[in-house]
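Report on the following structure.
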Amino acid sequence: MNTTLNYSPNFETKKRKKNKIKFIVLHYTGMKKETEAIERLTNINSKVSSHYLIKNNGEIVVMLPDLYEAWHAGVSSWKNFKSLNKHSIGIEISNPGHDHNYKKFSEKQIQSIKKLCKFLIEKYKINKKNILGHSDIAPNRKKDPGEKFPWKYLSKFGIGKWHSILQKTLIKNRRKKISLIDRKNFFINLSKIGYLTKNSTKLKKDKFLSLVAIAFQRRFRQELINGKIDQECLLISQNLAKKLN
């Protein structure tokens, strides 16, 4: 695997053990220019970093050795894990993001993501259900890598999980209302999948849960991101709760 080096000064200096690495967390850079993103990730004052950066042309840049903890996830949670920096490898993908004309990821980027993730999964024996987006682990703060990220495609290669519901069934149930009991069951399913559903933020409960639902949609129902829970969302959550438990 061809890579270039551009080390970041932002990391925990104590090395971690190989078996500590349980997750891969995917991000977009969220900056207008790729050069600005690289500058930020390598600037000691920014206090952010990642292990890898995938450039627009698909080039993979190594920013930190895997066994050092990068500062990419921030306040985060998944299942029983808190502060995922300790347990993850962070991959930044060059993309302007939602604030700067969010665009599709290039074919070269997607192939590099596939190659890099498969290499890391094999090297650290990472469970494919532990390939996550930043918005999965910090739904109240983050949108990346967003609804244009090809989760369904990558799942075919063992990179992340996807549901097994037919498209025609999904469309038939889209926008169909659910009961209050079903709404409660939806969030129970999300908790089983790994999402934090107990509000520990300053946000109102309904706002927080709406953001969690949006994070779920960005990942698993990318055609419609509205924070509203319908029959389609419920079906997907049920299917995944069985697969990911």
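Any residue at all in region 105-122 that is over 14 Å from P150 (Cα atoms), without any contact (Cβ under 8 Å) to a residue 24 or more places away in the chain and in a loop (DSSP other than H, G, I, E, B)?
No.
Any residue in region 71-88 that's under 11 Å from V25 (Cα atoms): show its pairings with residues that are at pLDDT 95 or above and surrounded by fewer than 16 Cβ atoms within 10 Å (Cβ to Cβ) at Cβ separation under 8 Å, as long as the two are six or more apart or on different chains.
Filtered contacts from region 71-88: N85/E12; N85/G74; H87/K20.
Could you list, in sequence order, the residues of region 1-60 that are more than 22 Å from the chain's Cα centre (by Cα) and among the hydrophobic types (A, V, I, L, M, F, W, C)?
M1, L5, I44
I'd like to verify a number: residues in region 1-30 that are loosely packed, with under 12 Cβ neighbours inside 10 Å and either among the small types (G, A, S) or in a helix (DSSP H, G or I) (or both), how many?
Residues that pass the stated criteria total 2.
So that you can scan it fast, the table gives a plain yes or no per residue for (1) assigned by TED's automatic domain parsing to the domain that holds V75; (2) in contact with an Asp or Glu (Cβ under 9 Å, 6 or more places away or on another chain):
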{"site": "C117", "(1), (2)": "yes, no"}
{"site": "S135", "(1), (2)": "yes, yes"}
{"site": "N140", "(1), (2)": "yes, no"}
{"site": "R174", "(1), (2)": "no, yes"}
{"site": "F187", "(1), (2)": "no, no"}
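Determine whether region 31-39 contains at least one residue that is in a strand (DSSP E or B) and assigned by TED's automatic domain parsing to the domain that holds D144.
First pass over region 31-39, keeping only residues in a strand (DSSP E or B): none.
Checking region 31-39: not a single residue is in a strand (DSSP E or B) and assigned by TED's automatic domain parsing to the domain that holds D144.
Restricting region 67-83 to residues that are in contact with a strand residue (DSSP E or B) (Cβ under 6 Å, 6 or more places away or on another chain) and under 19 Å from K125 (Cα atoms), which is surrounded by the most Cβ atoms within 10 Å (Cβ to Cβ)?
The residue in question is E69.
Restrict the check to region 126-138 and report whether at least one residue is part of a loop (DSSP other than H, G, I, E, B) and either on the phi > 0 side of the Ramachandran plot or in contact with a Gly (Cβ under 9 Å, 6 or more places away or on another chain) (or both).
Yes - at least one qualifying residue is present in region 126-138.
The values are calculated or read from the model by the stated rules, or taken from the named source; none is laboratory data. Fair warning: this is a prediction, and the values are worked out from it, not measured in the lab. Please note: Cβ atoms are built from the backbone with ideal geometry, for glycine as well, and neighbour counts cover all protein chains shown.
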